[in-house]
Amino acid sequence: MTGLFASGQEGKRIFHKTNDEIELIREANLLVSKTLGLVGSMLKPGVTGKVIDKAAEEFIRDHKGRPAFKGYGPEHNPFPSSLCVSYNDIVVHGIPGDREFKETDVVSVDCGVELEGYFGDAAFTFAFAGVDEMTMDLLRVTYTSLYKGIEQAVHGKRIGDISFAIQDYCERQHAYGVVRDLVGHGVGRSLHEDPEVPNYGKRGKGPLMMEGLVIAIEPMINLGVREVYQDSDGWTIHTKDRKPSAHYEHSVAVKKGKADILSTHEFVLDSVKNNNSLQEVSLKS
């Protein structure tokens, strides 16, 4: 599951991928990205999380993939759905249900896919037409911070360089709450691999990034305080003050000079542009 709980480990089993493996991970992420585009075309007031989850699972399986989230987790409480659908004050790990979406909702949709033995993982936070400007600014800042983190994902830098870039932009420049309890992660042959990728930290610290490392970078940023709590279902994570949260994610291969983004939001952005129920979310200038 994306938004992995932080354990404080330093990434002792880091797997570097070959170019062929990276292309297989790219294919898995392409299916994730297309699935998110499908979701974006379906989101309207009155639609439920269960409806989009069912459509996403059918789409993934029709394209020979397996929903990576469904059944993930402990045997006594596996995640029951193909998507994480997290609205308003839910940060991540929301279980799709029968609640109908409202025109004032922000909805983070997180998708993971296994395809030919490799995993893809990406997320996007959608904004319905009635979302206020204060919350829209949170979304723009969080979305921009994703790319500021990605800029640091190059050979020879350290994980802390990504972490610092996101924290500095969201917390120091814009005074939002950067979640500490959940982090990004390595991805590839498993849904979750080392190293952990926090959204806070110090430049020059953490595991060294080398070419072939594939990581999921995913800022989880709150409008209010950074603290969160877990619901009684064992999955759903809320902001402590119940203010909105935003979450964006790409899977990225570390390369020399410039990171290689393996997922894409192209399909999502196109679906939002053609959906009158949604507002477009752009990078902050």
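The values are calculated or read from the model by the stated rules, or taken from the named source; none is laboratory data. Small disclaimer: the values here were computed from a predicted structure and weren't measured. In this analysis, Cβ positions are derived from the backbone assuming ideal geometry, glycine residues included, and neighbour counts consider all displayed protein chains.
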If you check every pair at least six apart or on different chains, which have Cβ atoms under 6 Å apart with a residue in the range 156-178 that is at pLDDT 95 or above first and a residue that is of a type in the set (S, T, N, Q) and not in a helix (DSSP H, G or I) second? ASP161/GLN152; ILE162/GLN152; ALA165/GLN152; ILE166/ASN199; GLY177/ASN222; VAL178/ASN199
Across the range 153-182, the tally of residues that are assigned to a helix (DSSP H, G or I) and either closer than 16 Å to ALA246 by Cα or among the hydroxyl-bearing types (Ser, Thr, Tyr) (or both) stands at 6
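Based on this model, can you work out whether GLY49 counts as within 20 Å of VAL268 (Cβ to Cβ), small (Gly, Ala, Ser) and crowded, with 16+ Cβ neighbours inside 10 Å?
yes
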Please go through (1) within 18 Å of ILE52 (Cα to Cα); (2) in contact with a Ser or Thr (Cβ under 7 Å, 6 or more places away or on another chain); (3) of a type outside the set (S, T, N, Q) for VAL131 and return the number of the only condition it doesn't satisfy. (1)
Based on this model, can you work out whether TYR72 counts as in contact (Cβ under 8 Å) with a residue 40 or more places away in the chain and closer than 15 Å to SER251 by Cα? no
Here the qualifying pairs (Cβ atoms under 9 Å; residues six or more apart or on different chains; first in the range 36-47 and at positive phi; second not in a loop (DSSP other than H, G, I, E, B)) come out as GLY46/GLU100
Can you list the strands (runs of 3 or more DSSP E) found entirely within the range 225-285 that contain at least 3 residues being of a type outside the set (Ser, Thr, Tyr) and touching a strand residue (DSSP E or B) at 6+ places or on another chain (Cβ under 8 Å)? 250-253
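Mind telling me which of the residues GLU23, GLU58 ends up being without any contact (Cβ under 8 Å) to a residue 12 or more places away in the chain and closer than 16 Å to SER251 by Cβ? First the steps, then the outcome.
Values: GLU58 fails: closer than 16 Å to SER251 by Cβ.
The conditions single out GLU23.
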Out of contact with any helix residue (DSSP H, G or I) (no Cβ under 7 Å at 6 or more places or on another chain), closer than 18 Å to ILE52 by Cβ, among the aliphatic types (A, V, I, L, M) and at pLDDT 95 or above - does that describe any residue in the range 110-122? no
Looking at the structure I just gave you, is LEU31 in contact with a Gly (Cβ under 6 Å, 6 or more places away or on another chain), outside any loop (DSSP other than H, G, I, E, B) and more than 17 Å from SER108 (Cα to Cα)? yes
Hey, can you tell me all the residues within the range 145-175 that are buried (at least 20 other Cβ atoms within 10 Å of the Cβ) and among the hydroxyl-bearing types (Ser, Thr, Tyr)? SER145, SER163, TYR169
